[in-house]
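The values are calculated or read from the model by the stated rules, or taken from the named source; none is laboratory data. Predicted model only: the values in this text are computed from it and were never measured. Every residue, glycine among them, receives a Cβ derived from its backbone with ideal geometry; neighbour counts consider all protein chains shown. These area figures cover heavy atoms from the full protein model, side chains too; ligands, DNA and RNA do not enter into them. Shrake-Rupley method; radii C 1.70, N 1.55, O 1.52, S 1.80 Å.
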Amino acid sequence: MGNRGMEDLIPLINKLQDAFSCIGQSCNMDLPQIAVVGGQSAGKSSVLENFVGRDFLPRGSGIVTRRPLVLKLVNNQAEYAEFLHCKGRKFVDFDEVRLEIEAETDRITGSNKGISAVPINLRVYSPNVLNLTLIDLPGMTKVAVGDQPIDIEHQIRDMLMQFITKESCLILAVTPANQDLANSDALKISKEVDPQGLRTIGVITKLDLMDEGTDAQDILENKLLPLRRGYIGVVNRSQKDIDGRKDIKAALGAERKFFLSHPGYRHIADRMGTPHLQKTLNQQLTNHIRDTLPGLRSKLQSQLLSLEKEVEEYKNFKPDDPTRKTKALLQMVKQFGVDVEKRIQGSGDQVDTVELSGGARINRIFHERFPFELVKMEFDEKELRREISYAIKNIHGVRTGLFTPDLAFEAIVKKQIIKLKEPCLKCMDLVIQELINTVRQCTNKLGSYPRLREETERIVTTYVRERDIKTKDQVLLLIDIELSYINTNHEDFIGFANAQQRTTVINNKKRVMPNQVIRRGWLTINISIMKGGSKDYWFVLTAESLSWYKNEEEKEKKYMLPLDNLKLRDVEKGFMSTKHTFAIFNTESRNVYKDLRQIELACDTQEDVDSWKASFLRAGVYPEKDQVDSEDTGPAESFSMDPQLERQVETIRNLVDSYIGIVNKSIRDLMPKTIMHLMINSAKDFIHSELLAYLYSCGDQGSLMEESADQAQRRDEMLRMYHALKEALVIIGDISTTTVSAPVPPPVDDTWRTKEPSPPPQARPAPAAVPPPRRPPAARVPTAAPPPSSSQNPAFGAPLIPSRPGPPPVNTYSAADLVANVPLVPSRPARVPPALPPGIPRPPAAPGRPTIIRPSEPSLLD
């Protein structure tokens, strides 16, 4: 065929397709291939079997091909088949190939006519085939059968579109000859994706099953619905031949005999049949690859560049080399330490834009969650005053005290300081969990070596747990230090003199910046469906009020709620709700919004809820306290104090409030520092300095650096694809300069045929068995005037059909033809010959068949 360079490229493209399929990546290069489309029972599978010369495809009624079959034909001395999902197994018996296709189809689609877009890859080696890559697609259908979904038609159509919409895919449109060509599903769907006809090749099957007296000559001569690449007719085996196990070679011989003996096809027999179709497809595919080479080369190069960095470490890879294992171990441990530090300290590269992670989450615990936990244990006012009064009375005993006892102050302060242990330990637990999660995320990069990853995670997690115990001891030591000495000389402590002058509304003092905006953001107000349902609003929290607007432009205010006497309350998430909820209510049992005693506000995550709660704390809105039992509150509410005792209680109350504020401030400052020093920084130092030694002490280094099976397979497939890409680029470079291919046929203009009605191919009578007399080459009838222009008679201006080789038809008639076939009609100067009067166009005759006027066609002049 003179295209050996291209012949070498087809197997290489098959190799690329296999490489991409094995790695599990979609091939973004859209390698050239041929997709076979057509209706059910159009003969698509029979055409493919004729190519191979073997019976190997499933057969039956209805939809048989239920998964795409990527069939790769490779010219080879030995004859066998291979499936991509059965690597290493060669199928010599093609009956086993059929059974394997059926089994693999049922494995994905089930046994009751279901379909799937997952392809089956089959490669057939044979000396009787040319290099081709075809895709046998399910036949188009209209009605669902069995357990097929009701939209089976659209599913099949979408599956076909996945293949034929690619510009690199040639379309083999198969249509049976006993079906009206205008109703061909294959040609219809091909026209949608290839309106110019650059990629469509027509195949007409079942020519031997047409009604007697009809033929498909007009179709095969590309006169009816012309295609740019033309039509090729084939004759497949009948169902009787298949049941009788008729040999395909004998069927090909019968096909050749059919075209040579049929009067309507004998003149084009050399361009019909399965061998010519196979040769044409091979040539068309090679030329199509030649046309797509520039784009293919650029995509191959970009794919190669994307693999370069990853393949670089595999080029000289020796799995059992101890030097390589030692070097890899050192590099991975070092990189692991760098990754942990970057996640905790923060880094500009590989920033996570989806959620907080690592150090950002720990920072949120330090400065939002921990202060919130401290405020949650804020003392209850009534309970505190009752405790102070009892302490004062118990210290005085039977005596009547004239002065405020400082021992009562110390007793109450120490009791409040002890309560700080719980939120501090809870903060520690949260930080530990985040640190362990960070370590696990960083060990994901060690997934190529499962044992190394497992040991690294175990060693670091164990160390973190050990440091957890020491850090908690240190945090508890901080609390004990605060308990050991009550420093009433602290510069921020108000002292007894100032405490007596304070009022009972010390906690509700005016804020310095009442209009300061603390937070903005979206929240959902949960309201029952009867009252309008849940809605999203834009909330603005200031130091004095909570307002919500229609959107973030803050132009249309919906409501403004003062913060006086408001508290926070936890609300359980609803059964069908995916959001996390908290509530705001009024401590004086007043309606908060319209007729609602509380407003339920919802966020997408629990982290957002905690963050909003912390913002409310800054605005002075505190969480709800657990209510004490009624029997305990009774005496407190009925307890009456004399004026002197009341003044002493108020003084100590102010002193406790001042001193606990100092302690809270100190603990909030020291807790993050203690955790960072004893826990996080210590863990980082351990990873950098001691982790490697612990790994060496675990046992055999070889077992630590043993690759996983998946990683080994991935490396092999990646190297295979890398080398295939490089080889493809080399071959493409040679082909583009040394190979010459035929150009794409010119477009077919069939507008001239729309001016006359064209009978369907079935209605056209078959020509007589006796061939018409040959025209003597020397006898010509002189014309008195030039032939009419195409505007006068469209038949003389019709374009030539590219699929019909030979000289264009001659618009003259021999004298012998006129005398022998029709009665003589006096010629008229400058007039059209009698058989072609003006206004009645006649299509050009086929090459090799003389244009004659038959006696059975009377002239309109008679």
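The label point for GLN598 and the one for LYS414, both projected 7 Å from the Cα toward the Cβ, are 3.7 nm apart. Measuring with a 1.4 angstrom probe and ignoring ligands and nucleic acids, ASP243 comes out at about 110 Å² accessible.
Provide the net charge surrounding ASP194, with neighbours chosen by a C-beta distance below 12 Å and charges set as Lys +1, Arg +1, Asp -1, Glu -1. Neighbourhood net charge equals +4. Checking the cross-link pairs LYS472/LYS579; LYS334/LYS472; LYS72/LYS188 against a 32 Å limit on the alpha carbon distance flags LYS472/LYS579 as lying beyond it. Label sites at HIS85 and GLU690, each approximated as a point 7 angstrom past Cα along Cα to Cβ, lie 5.3 nm apart. Using just the C-alpha positions of the stretch 665-716 as equal point scatterers, what log10 of I(q)/I(0) does the Debye formula give at each q in 0.16, 0.27 1/Å? For the requested q values the scattering log ratios are -0.69, -0.95. What the Cβ-Cβ distance of LEU561 and ASP158 gives, at R0 = 30 Å and to the nearest 0.05, is a FRET efficiency of 0.05. Over the stretch 227-308, the pair-distance histogram of Cα-Cα distances with 5 Å bins from zero comes to 3, 12, 15, 15, 12, 10, 8, 6, 7, 6, 4, 1, 0 percent, rounded to whole numbers. When the scattering of the stretch 247-287 is computed by the Debye formula from its Cα atoms alone, each counted once and equally, what is log10 I(q)/I(0) at q = 0.23 Å⁻¹? Calculated log10 I(q)/I(0) at the listed q: -0.75. Computed over every Cα-Cα pair of the stretch 403-484 and binned at 5 Å starting from 0, the pair-distance distribution P(r) comes out as 3, 13, 17, 14, 12, 10, 8, 7, 6, 4, 3, 2, 1, 1, 0, 0 percent. Charge tally for ALA391 (other residues, Cβ to Cβ under 12 Å; Lys, Arg +1; Asp, Glu -1): +3. For the set ARG67, ARG618, ARG256, ARG386, the ranking by accessible area, highest first and with no ligand, DNA or RNA atoms included, is ARG618, ARG256, ARG386, ARG67 under a 1.4 Å probe.
Take ARG458: with every protein chain present and a 1.4 Å probe, its accessible area is about 120 Å².
Annotation: LYS573 carries an accessible surface of approximately 100 Å², with a 1.4 Å probe and no ligand, DNA or RNA atoms counted.
Using a cut-off of 29 Å between Cα atoms, the listed pairs LYS87/LYS206; LYS142/LYS299; LYS470/LYS665 include LYS87/LYS206; LYS142/LYS299 as exceeding that distance. Solvent-accessible surface of the stretch 68-159, averaged per residue with a 1.4 angstrom probe and all protein chains in place: 46 square angstrom.
Model label points for ILE150 and GLU308, set 7 angstrom from Cα along the Cα-to-Cβ axis, are 5.6 nm apart.
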